[in-house]
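The values are calculated or read from the model by the stated rules, or taken from the named source; none is laboratory data. Quick caveat, the model's predicted, so the values are computed rather than measured. Positions of Cβ are generated from backbone atoms using ideal geometry, with glycine treated the same way; all protein chains shown enter the neighbour counts. When the accessible area is computed, the model is the full protein with side chains, heavy atoms only, and any ligands, DNA or RNA have been set aside. Shrake-Rupley method; radii C 1.70, N 1.55, O 1.52, S 1.80 Å.
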Amino acid sequence: TPSLVTRLTNDVNQIQVAIALGVRQLVRWPVLAVGSMVAALCIDVGLGLVFFVCIPVVGLVFWLVMSRSVPYFRVMQQRLDRVSLVCREALSGARVIRAFRRDDAERKRFREAAFAQADTAISVGRLSAVLNPSTLLIMNLGVVAILWASGQRVFEGELTQGQVIAFVNYMGQALLSVVFVANLVVVFTRGAASAQRVGEVLSCPASLVPGSEEPDADATDAAVPALELADVSFWYEGAREPAISGVSLSLGQGETLGIIGGTGSGKSTLANLVVSLYDAGAGTVRVFGHDVRTLSFGSLRRAVAIVPQQASLLAGTIRSNLSWRCPDADESALMEALERAQASDFVLAKEGALDAPVEAGGKNFSGGQRQRLTIARALVGSPRLLILDDSASALDLATDARLREALGSLSGLSRIVISQRVSSVMGADDILVLDHGHVAGLGTHRELYSSCDLYREICLSQLSEGEVA
């Protein structure tokens, strides 16, 4: 994230500066330099040879500076990424840093990152600083050569003093043009390094390509499963073992599937495969009879709503956050979603109700309130399949029970409930037990309690035998 932010701001700005200066200056000064050379040659071809000696030498200086500056600029931008990363972590984790008394350590981290970036900037600055003096030296030596060579010829009457002065003025005009071009070289060099970094982002291939199928929801056969997984597997890039391996199941329309397992068992990965945030490495994921690869993102998102683990709200109002799935939703639809998500009480208690402000990240709401708002947001627009990815972890047991009861009363809504709580999934039509990406069990609560050791262990770690029964 910090690297992308730097590329979107600093690198793009460097490219804009290079293009703006190129449009305005790169045409003007070379034309003046060439025009001055032509005018000088018209006065005397012999003295004009001084230009043809100076120009290759200046070009050599340009090449030496550019070839060494580009790597420096690339490193400098990378170290700017590091500065951005340290700043972002310090700002987002300020409370944790103070709680663990890591203030001095974070200051040291920032100081090291800032000085590393500054050292690189100073090094490239010193290298670029060589360009102007060396260019001026070469061109002024050319002026000296012209005066030396023309002195005897003026004495002999072959040239007039006015011609020599004009020649020196042309040389000075060419010198000024070369100095400006030299300054542009530094800007273009930095812009080239930034353009390469921006190009890396633009050239990243899309990992997901949407399909074009737009099925009619009303025409779907009620007998078709809401979700079908056929031997689905998925690997994260660079991982030795699959995050999901050989998962197969079927969820009927209007039914509830519970998913439970230890940390890192692949529960959230499976949810992301259903909404096509990831593409299955093997096997097929079907939603209401359609392969998710063939569906357009719009039709898939209309049919399936997900409430992620991390409750995410954007700065604005409660209304603007609830309207993500359905921008045209009226107030009654929003309030109905809030009531089912058990969020209407605290929303109505706020000044402005639906138009109450939401700070960035929803920081002016508690964790449980943020979760209920994200659940309400998913319900707006009447999805046909709702995925709750451990989205009630911050709710107390009573609120969680009311929420499950309210969602269960929605006819035709298929649900996938991912949770660490046995009480949240034990009432599901089927429960999938995952163990490091593998299916450890699939069945009802009673079937799994008697046949799946892992499920029985999870149950007894949270509930008494009487509560489980």
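So that you can scan it fast, the table gives a plain yes or no per residue for (1) surrounded by fewer than 19 Cβ atoms within 10 Å (Cβ to Cβ); (2) in a helix (DSSP H, G or I); (3) within 26 Å of the chain's Cα centre (by Cα); (4) free of Cβ contacts under 8 Å to residues at least 24 places away in the same chain:
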site	(1), (2), (3), (4)
Ser177	no, yes, no, no
Gln196	yes, yes, yes, no
Cys204	yes, no, yes, yes
Ser207	yes, no, yes, no
Ala222	yes, no, no, no
Glu228	no, no, no, no
Val232	no, no, no, no
Arg240	yes, no, yes, yes
Gln253	yes, no, no, no
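Could you run through segment 105-164 and say how many residues are more than 28 Å from Arg74 (Cβ to Cβ), open to solvent by less than 80 Å² (accessible area, probe 1.4 Å), touching a helix residue (DSSP H, G or I) at 6+ places or on another chain (Cβ under 9 Å) and not basic (Lys, Arg)? Walk me through how you get there before you give the answer.
To start, the set of residues in segment 105-164 that are more than 28 Å from Arg74 (Cβ to Cβ) comprises 105, 136-164.
The next check asks that each one be open to solvent by less than 80 Å² (accessible area, probe 1.4 Å); those that pass are 105, 136, 138-140, 142-143, 145-146, 149-151, 153-154, 157, 159-160, 162-164.
Of the ones still in play, those that are also touching a helix residue (DSSP H, G or I) at 6+ places or on another chain (Cβ under 9 Å) are 105, 136, 138-140, 142-143, 145-146, 149-151, 153-154, 159-160, 163-164.
Narrowing further to those that are not basic (Lys, Arg): 105, 136, 138-140, 142-143, 145-146, 149-151, 154, 159-160, 163-164.
The number of residues fulfilling the criteria is 17.
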Quick test of your reading of the structure: Thr399 fulfils all but one of (1) crowded, with 18+ Cβ neighbours inside 10 Å; (2) out of contact with any Pro (no Cβ under 8 Å at 6 or more places or on another chain); (3) more than 17 Å from Glu255 (Cα to Cα). Name the failing condition by number. (1)
Long-range neighbours under 6 Å by Cβ, at least six apart or interchain, first residue more than 11 Å from Leu229 (Cα to Cα) and free of Cβ contacts under 8 Å to residues at least 60 places away in the same chain within segment 277-300, second of a type in the set (Phe, Trp, Tyr) and not in a helix (DSSP H, G or I): Gly281/Phe234; Gly281/Trp235
How do the pairs read when you match residues in segment 59-78 that are touching a residue at least 60 places away in the same chain (Cβ under 8 Å) with residues anywhere that are assigned to a helix (DSSP H, G or I) and acidic (Asp, Glu), using Cβ under 9 Å and keeping only pairs 6 or more apart or on different chains? Gln77/Asp11
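Can Asp396 be described as under 20 Å from Gln342 (Cα atoms) and in contact (Cβ under 8 Å) with a residue 12 or more places away in the chain? Steps first, please.
Values: under 20 Å from Gln342 (Cα atoms): yes; in contact (Cβ under 8 Å) with a residue 12 or more places away in the chain: yes.
So Asp396 fits the description; yes.
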Going through segment 289-317 in order, the residues found to be under 18 Å from Ala394 (Cβ atoms) and either open to solvent by 20 Å² or more (accessible area, probe 1.4 Å) or outside any loop (DSSP other than H, G, I, E, B) (or both) are Ile306, Val307, Pro308, Gln309, Gln310, Ser312
Kindly list the number of the only condition in (1) without any contact (Cβ under 8 Å) to a residue 24 or more places away in the chain; (2) within 16 Å of Thr135 (Cβ to Cβ) that fails for Cys42. (2)
For segment 420-452, give me each residue that is among the basic types (Lys, Arg) and open to solvent by less than 60 Å² (accessible area, probe 1.4 Å). Arg421
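One line per residue, one yes/no per condition, for (1) within 18 Å of Phe180 (Cα to Cα); (2) within 29 Å of the chain's Cα centre (by Cα); (3) loosely packed, with under 12 Cβ neighbours inside 10 Å:
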residue	(1), (2), (3)
Thr6	no, yes, no
Ala18	yes, yes, no
Val23	yes, no, yes
Leu41	no, no, no
Phe52	no, no, yes
Scan segment 347-368 residue by residue and report those that are touching a Lys or Arg at 6+ places or on another chain (Cβ under 8 Å), part of a helix (DSSP H, G or I) and open to solvent by less than 60 Å² (accessible area, probe 1.4 Å). Leu354, Gly362
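Can you find a residue in segment 80-87 that is charged (D, E, K, R), more than 25 Å from the chain's Cα centre (by Cα) and open to solvent by 40 Å² or more (accessible area, probe 1.4 Å)?
Looking only at segment 80-87, we keep the residues that are charged (D, E, K, R), and these are 81-82.
Now narrow it down to the ones that are more than 25 Å from the chain's Cα centre (by Cα): none.
For segment 80-87, residues charged (D, E, K, R), more than 25 Å from the chain's Cα centre (by Cα) and open to solvent by 40 Å² or more (accessible area, probe 1.4 Å): absent.
Any residue in segment 183-201 that is under 23 Å from Ser276 (Cα atoms) and either aliphatic (A, V, I, L, M) or in contact with a Cys (Cβ under 8 Å, 6 or more places away or on another chain) (or both)?
yes
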